[in-house]
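The structure appears below as C-alpha cells.
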Amino acid sequence: MLIEKQTINVVWMKRDMRTQDHEPLMLADKAGTPYFIVFCFEPSIISHSDTSNRHLQFQYHSLLQVNGKLEISGRCVYLFYCEMIETLKWLDTHFEIANLYSYRESGIRLTWERDKEVKSWCNKHSVQWTECKRDGIQRGIGNRDGWDKQWYSFMHAPIIRNTFSPQLIMMPEHPFVIPQNLLNEWKSFPREFQPAGEDMAFRYLQSFAESRGVNYNKHISKPTESRVSCGRISPYLAWGNVSVRQVYRYLLEHPNAGKDKRWVDGFLTRVKWRDHFIQKFEVECDYETRCVNAGYESLVKDHNSAHVKAWEMGLTGFPLIDACMRCLHETGWINFRMRAMLVSFFCHHLYQDWRSGTYHLARLFLDYEPGIHYPQFQMQAGTTGVNTVRMYNPVKQSLDHDPEGVFIKAWVPELRAVAVEHIHEPHYMTVGEQDLCGVRIGTDYPAPIIALDSAARHAREAIWGHRKKDEVKAEGKRIVATHARKRSVVRKKKGGEQLSLL
Ligand SMILES: Cc1cc2nc3c(=O)[nH]c(=O)nc-3n(C[C@H](O)[C@H](O)[C@H](O)COP(=O)(O)OP(=O)(O)OC[C@H]3O[C@@H](n4cnc5c(N)ncnc54)[C@H](O)[C@@H]3O)c2cc1C
C-alpha cells in the first residue's frame, strides 16, 4: 500500500537570521500548510576562502536566539550540516514539499551557482520556490533607471510584524548533524566581538539613536572614537539579525532624528550606500575574483609573500597599519577610513594584487558582506577606473586621526613606552631614544618594510598611467552605463570620507 506523504512548506533561512520583518516566514505562516524552517551550514561555503570561524560563531549564536524566540510556538530553526540540495532531497523522502520560501541572496558565485542548482531541483520536483526581495536590491536590472525611487518605496513599505502559528508536525531525526568539534568551537564566542542576535541589533540601534550618534560625523574617521560614535550595526545587517528597512525606519522615526538631522542624515545616507554597493555585486558577482574594470587585468603587480604576511600579521613597521590589523584580529571591526587605508597600503604602497588581500580581510571582518566588501576593496585598490584613486599615507592618517597615538598604543603594546613625538614613525628614534623607552626598532618592533614616499610615487605613476589605456576607458563607459545612478556624484566632504555614489 502506498502511504501518502504529508505536504509541507519549507523556509530556508540564509543571511536573514531574525524573526521580524521577515517575508519568507510571513508567507509560510500565512499559507496554512505545515512548514519547517531550516538553516544549512554548508561545507562548500564553510571551506571557501572568505569564511572564518567568527562568522560561523556569529551565525550559530544568531540562530540560538531565533530559536529562543520561536520556542513559545513550538517552532525552531532546524540546523543541517550539509548542502541545501541534500537537505531538500532528504526532506523529499519524508514529505511532499509544495513551497520553498527564502530571501534572494546577492552573494558570491559559489552561492549563485548553489541557488541555480536548488532552482533546477525545485523545478524537477514541482516545488514552487519563492525568493523574496532582500533589502532594496533588484534582480535582473541592466541599469539604475528608477532605482532610487524603488529603494525608497521599499524602505517606506510597512514593516512585517511576524507571528507564528503553533508547529503541529515533527521533523524526523536527520543524519546531517553538526560535528561535535565544530559545535564546541561555535558555542564559545569571544567577548571582544559584538554579540550576535536580533535583541543585540536593537540594543545597538537604541544606544546609537539615544546617545552614541551625536558625534557620528565628527568622529567617523577616528580609529578610537568611532568605535563608540559609529552605528556598529554592520554585523547585524550582514547576517540579517535586522533588516535594512528596520534600521532605516528606526532611525528615521526616532524622536532624536528631528533634533539634529546632520548625523541622522549621514547615517541614513550610508545605509543607502550599502544597498547601492550590493546592487553592483548583484549584477556582477565576479567582482570577487576579477577587476571591476577588466582593463586593469593587464596591470601586473608584485607578489611578495613576506610583505603580504607582514601586512596580515600587523608587522609592517607602520604603527597605524599594524594597530588596525591587530585590532581587526581581536575585535573584527575598524571604521571605514581605516579599512580603506589598509587596502590602499596593501595595493599601492606594497604594490600587491588586490586578490591577495581580499579574503584575509573578509575573514577578519565580523560584518563580512560580499556585496560591500569586493566593490569597496576594488574601489580602494584603484581597479574600477571610474573612481578617484585615493592613496592613504599611513603616517599622515596617524597624525590626523590618532595624534596622541592612543589607538596605536592600545593595539601595538610594544610601542606603549614610545613618546608621542615618535609614535607615528618610531624608526626615526635615535639609538639613545630607543634605549630610553626600551624599544629596539628591528628587534622589538619592525623597521618599515618599504620606503613610503618612493613606493607611493611608483604606484601613482603605474595606476594613473594605466588609466589612460583605451581598454580601461572603454570599460569605464560600460561601468558607468550599468552602475551609475542618474545625477550620481563624486564629491569630497570636508574632513570626512570620499563620497562616491558611483
Ligand atoms: C575595503 C572595505 C571593505 C569593506 N567591507 C565591508 C563589509 O564586508 N561589510 C560591511 O558591512 N561594510 C564593509 N565596508 C564598509 C564600511 O567600512 C562598514 O560598513 C562600516 O565601517 C560598518 O560600521 P558601522 O555599522 O558602524 O557603519 P555606520 O557608519 O554606522 O553606517 C551604517 C551602515 O551603513 C553601511 N555603510 C557604511 N559605510 C558604508 C560604505 N562605505 N559602503 C557601503 N555601505 C556602508 C553599513 O551597512 C553600515 O552598517 C568596507 C569598507 C571598505 C573600505
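The values are calculated or read from the model by the stated rules, or taken from the named source; none is laboratory data. These figures come from a predicted structure and were not determined experimentally. In this analysis, Cβ positions are derived from the backbone assuming ideal geometry, glycine residues included, and neighbour counts consider all displayed protein chains. Side chains included, ligands, DNA and RNA excluded: accessible areas come from the protein's heavy atoms. Shrake-Rupley method; radii C 1.70, N 1.55, O 1.52, S 1.80 Å.
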Checklist entry - Residues D21, D29: which one is in a loop (DSSP other than H, G, I, E, B), out of contact with any Leu (no Cβ under 9 Å at 6 or more places or on another chain) and over 29 Å from E330 (Cα atoms)? => result D21
Checklist entry - Scanning for something of a type in the set (F, W, Y), modelled with pLDDT of 95 or more, closer than 22 Å to P223 by Cβ and outside any helix (DSSP H, G or I), does segment 411-422 turn up at least one residue? => result no
Next on the checklist: Can you say whether D265 is open to solvent by 10 Å² or more (accessible area, probe 1.4 Å) and more than 27 Å from E475 (Cβ to Cβ), as far as the supplied structure shows?
Outcome noted: yes
Checklist entry - Going by the structure shown, is D260 buried (at least 22 other Cβ atoms within 10 Å of the Cβ), in contact (Cβ under 8 Å) with a residue 24 or more places away in the chain and among the charged types (D, E, K, R)? => result no
Checklist entry - Which one of these does N241 not meet: (1) in contact (Cβ under 8 Å) with a residue 60 or more places away in the chain; (2) polar (S, T, N, Q); (3) part of a helix (DSSP H, G or I)? => result (3)
Checklist outcome for this item: The number of residues in segment 444-468 that are surrounded by 16 or more Cβ atoms within 10 Å (Cβ to Cβ) and assigned to a loop (DSSP other than H, G, I, E, B) is 4
Next on the checklist: Just to check your reading of the model, which residue among M391, M338, M379 is away from the ligand (no atom under 13 Å from the Cβ) and either open to solvent by 10 Å² or more (accessible area, probe 1.4 Å) or in a helix (DSSP H, G or I) (or both)?
Outcome noted: M391
Checklist outcome for this item: Checked F346, F277, F281 against criteria (in contact with a strand residue (DSSP E or B) (Cβ under 6 Å, 6 or more places away or on another chain), more than 20 Å from V228 (Cα to Cα) and within 16 Å of the ligand (Cβ to nearest atom)); the one match is F346
Checklist entry - Among the residues of segment 268-277, is there at least one that is assigned to a helix (DSSP H, G or I), within 25 Å of H360 (Cβ to Cβ), among the aliphatic types (A, V, I, L, M) and open to solvent by less than 20 Å² (accessible area, probe 1.4 Å)? => result no
Next on the checklist: Every residue in segment 302-329 that is among the charged types (D, E, K, R), surrounded by fewer than 23 Cβ atoms within 10 Å (Cβ to Cβ) and away from the ligand (no atom under 16 Å from the Cβ), please.
Outcome noted: D302, K309, R326
Checklist outcome for this item: In segment 394-428, anything open to solvent by 40 Å² or more (accessible area, probe 1.4 Å), in contact (Cβ under 8 Å) with a residue 60 or more places away in the chain and aromatic (F, W, Y) is listed as W411
Next on the checklist: For the list (1) among the small types (G, A, S); (2) closer than 21 Å to K477 by Cβ; (3) at pLDDT 95 or above, I need the number of the one condition that S298 fails.
Outcome noted: (3)
Checklist entry - Name the residues in segment 162-218 that are among the hydroxyl-bearing types (S, T, Y) and buried (at least 16 other Cβ atoms within 10 Å of the Cβ), would you? => result Y204, Y216
Item to check | Index of the failed condition, S234 passing every other in (1) within 24 Å of Q378 (Cα to Cα); (2) touching a helix residue (DSSP H, G or I) at 6+ places or on another chain (Cβ under 7 Å); (3) within 8 Å of the ligand (Cβ to nearest atom) | outcome: (2)
Next on the checklist: Which residue is most open to solvent (accessible area, probe 1.4 Å), if the candidates are limited to segment 10-36 and must be under 25 Å from the mean Cα position of the chain (by Cα) and under 17 Å from I72 (Cα atoms)?
Outcome noted: Q20
